[in-house]
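S.K.: This is the structure I have questions about; it appears just below.
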Amino acid sequence: MASPFLIAAGEVGGDFFHERSSGTLPCQAQSSHLFCWDWARENIDRYGTPTVQHLEIVLLSVAIGFIVAFALALIAHRTRWLQPPLLTATGILYTIPSIAFFFLLLPVTGFGRDTAIIVLSAYTLQIIYRNTVLGLANVPASVKDAARGMGFTSRQILWKVELPLALPEIIAGLRIAVVSTIAIATLVVFISAGGLGTQIYGSGNLTFPTSIVIAMAIVMTMAFLFDLVLLTAQRLATPWRRARAL
Amino acid sequence: MAKGESAVNLPHPVLASFGGAVEFIFTPQTSNVTGGNKVGGFDKSLELVLKHLEVTVIALAIALIVALPLGLYLGHRGKGELFAVGIGNAGRAIPELAVIALVAVLIGVGLQTVAPALAILGIAPILVNTYVGVHQVDPAAVEAARGMGMSELDIMRKVELPLAVPTVMGGVRAAAIVIIATATIAPLAGVETLGDFIINRNVYGENGLLAGAILVALLALTIEGLLALLQSRLTSDGLKLKTV
């Protein structure tokens with residue numbers, strides 16, 4: 001059964017579909033053509049602001065998520081019995097679909113960017129937490145013993161031995177978190193928080209193929225670039241270890 | 001589109017809106033938007049839950065049929081690591097909203113287009129995890145099986161797959177999560193899942209919005225719990241001893 005707005009989906013949403021100079025369609029942008037180059041050339045500038053919004057939301061969410069998850073992992077590293085309950089808790093947050101999560105928070109935080117950032121950062125917790133704990137656990141006991149033998153305190157062992165050795169796993173977690181957050185952040189349009197999702201689903205309607213493809217391409221390029229930057233950072237930060245393909 | 005917030009930052013109105021949402025799930029409410037028509041209620045909720053489940057199960061089944069044998073084969077041969085891992089990474093970067101939107105505006109609406117689209121999102125995690133799980137099976141176990149005269153197919157079925165169960169199921173669970181989540185926006189492509197309460201908020205009102213969110217969250221947690229149970233059933237006791 002068709003939902004109400006599907007009937008409206010074919011209608012023109014404001015000036016979105018029109019070439020702005022003449023008010024006519026430069027080509028069959030609205031039709032089922034996958035991509036209309038003329039429209040893309042004319043309108044590429046309208047993706048600037050949503051791209052910046054998207055970036056801001058992603059960076060804030062991952063930064064908050066990283067700080068919280070990293071702190072949790074350090075606590076769990078020292079207090080072992082906390083590990084299973086923290087894994088379950090972050091797992092539950094990860095399981096709740098983001099759209100449902102947005103609207104569960106709606107009575108508390110309302111529409112807008114705050115809700116989006118809370119949900120997206122909650123999403124990154126599990127992967128960063130799990131990889132950090134795993135990375136710390138994988139540090140060989142012999143290395144820690146050697147450090148202790150050299151007179152390192154526990155704190156020095158953590159910051160100068162364990163964390164540097166765990167860096168590949170930590171960054172692997174961060175890469176997954178960043179890439180998936182960039183993709184999921186398109187959904188914040190449902191909570192009126194802007195971002196590239198607005199170019200896919202704008203003012204209550206789906207837009208049209210050309211616009212969806214452009215937004216999708218920007219999102220995937222952004223994800224690819226961030227992945228590359230983090231991978232490069234990891235290789236530079238751990239020169240003693242050849243980065244693995246995974 | 002952004003309506004004014006109906007609740008302020010106080011615990012009491014928050015509880016009241018959740019109460020309203022729970023009521024919406026069980027008894028039809030008079031909507032102030034549709035002019036006296038009753039919306040929501042237990043029958044409607046159940047109908048949408050079942051539809052959401054149907055789409056999820058079909059999509060997950062398609063993803064499994066495609067990704068499991070492929071991952072098993074590639075992992076067994078130790079080939080195509082770049083392919084499997086590349087698909088996995090690219091899969092994570094695909095915006096779900098764009099997939100549903102493109103399918104709706106280009107191919108058409110309905111279950112027969114939405115289910116395969118959702119399956120595409122589920123293929124990546126299952127493929128990668130199956131590949132990795134099989135690839136990291138102890139070569140000694142595979143050699144022993146080969147020495148006992150097992151065929152390659154038997155080795156895959158009886159040695160590698162059972163040993164890879166925890167990793168494979170990790171992928172299946174990740175796929176289930178993304179499919180259930182994306183099925184929430186399936187109403188954009190004409191499939192009335194629980195997302196209907198959320199996306200057509202002009203029909204169902206604030207209570208419907210929250211009711212949809214509650215039901216989707218519960219459904220996701222239930223499916224995830226069932227899959228975790230299935231995973232521990234499928235994992236051999238020997239493997240469990242090792243991990244505990």
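S.K.: Among A:ILE92, A:ILE99, which is within 14 Å of chain B (Cβ to nearest Cβ), touching a residue at least 40 places away in the same chain (Cβ under 8 Å) and under 28 Å from B:GLY19 (Cβ atoms)?
M.R.: After ruling out the rest, the residue left standing is A:ILE99.
S.K.: Additional query: Are any residues in segment B:89-109 more than 9 Å from every other protein chain (Cβ to nearest Cβ) and crowded, with 21+ Cβ neighbours inside 10 Å, and if so, which ones?
M.R.: Within segment B:89-109, B:GLY91, B:VAL103 qualify.
S.K.: Looking only at segment A:81-93, which residues are within 30 Å of B:LEU188 (Cα to Cα), in contact with a Leu (Cβ under 7 Å, 6 or more places away or on another chain) and not β-branched (Val, Ile, Thr)?
M.R.: The one that is within 30 Å of B:LEU188 (Cα to Cα), in contact with a Leu (Cβ under 7 Å, 6 or more places away or on another chain) and not β-branched (Val, Ile, Thr): A:LEU93.
S.K.: For segment B:147-244, give me every one of the helices (runs of 4 or more DSSP H) that falls completely inside it and has 1 or more residues that are within 24 Å of the chain's Cα centre (by Cα) and of a type in the set (Val, Ile, Thr).
M.R.: Ranges flagged: B:161-183, B:195-199, B:201-234.
S.K.: Confirm whether A:ILE176 is under 19 Å from the mean Cα position of the chain (by Cα) and closer than 18 Å to B:LEU188 by Cβ.
M.R.: The answer is no for A:ILE176.
S.K.: Let me ask something else about it. Might you check whether a residue that is more than 10 Å from chain B (Cβ to nearest Cβ), closer than 30 Å to A:LEU34 by Cα and open to solvent by 30 Å² or more (accessible area, probe 1.4 Å) occurs anywhere in segment A:223-239?
M.R.: There is at least one residue in segment A:223-239 that is more than 10 Å from chain B (Cβ to nearest Cβ), closer than 30 Å to A:LEU34 by Cα and open to solvent by 30 Å² or more (accessible area, probe 1.4 Å).
S.K.: Also, quick follow-up: Pairs, please: C-beta under 7 Å, at least 6 apart or cross-chain, first residue free of Cβ contacts under 8 Å to residues at least 12 places away in the same chain and in segment B:107-129, second surrounded by fewer than 23 Cβ atoms within 10 Å (Cβ to Cβ)?
M.R.: Note: pairs meeting the criteria are B:ILE107/B:THR113.
S.K.: If A:LEU86 meets every condition in (1) of a type outside the set (Val, Ile, Thr); (2) open to solvent by less than 40 Å² (accessible area, probe 1.4 Å); (3) within 13 Å of another protein chain (Cβ to nearest Cβ) apart from one, which number is that one?
M.R.: Unmet for A:LEU86, out of (1) of a type outside the set (Val, Ile, Thr); (2) open to solvent by less than 40 Å² (accessible area, probe 1.4 Å); (3) within 13 Å of another protein chain (Cβ to nearest Cβ): (3).
S.K.: Any idea which of B:GLY86, B:GLY71 is within 14 Å of chain A (Cβ to nearest Cβ), open to solvent by less than 50 Å² (accessible area, probe 1.4 Å) and not hydrophobic (A, V, I, L, M, F, W, C)?
M.R.: Step by step, each of B:GLY86, B:GLY71 is checked, and only B:GLY86 is within 14 Å of chain A (Cβ to nearest Cβ), open to solvent by less than 50 Å² (accessible area, probe 1.4 Å) and not hydrophobic (A, V, I, L, M, F, W, C).
The values are calculated or read from the model by the stated rules, or taken from the named source; none is laboratory data. Being a predicted model, the structure only gives us computed values, none of them experimental. Please note: Cβ atoms are built from the backbone with ideal geometry, for glycine as well, and neighbour counts cover all protein chains shown. Heavy atoms of the whole protein, side chains included, go into the accessibility calculation; ligands, DNA and RNA do not. Shrake-Rupley method; radii C 1.70, N 1.55, O 1.52, S 1.80 Å.
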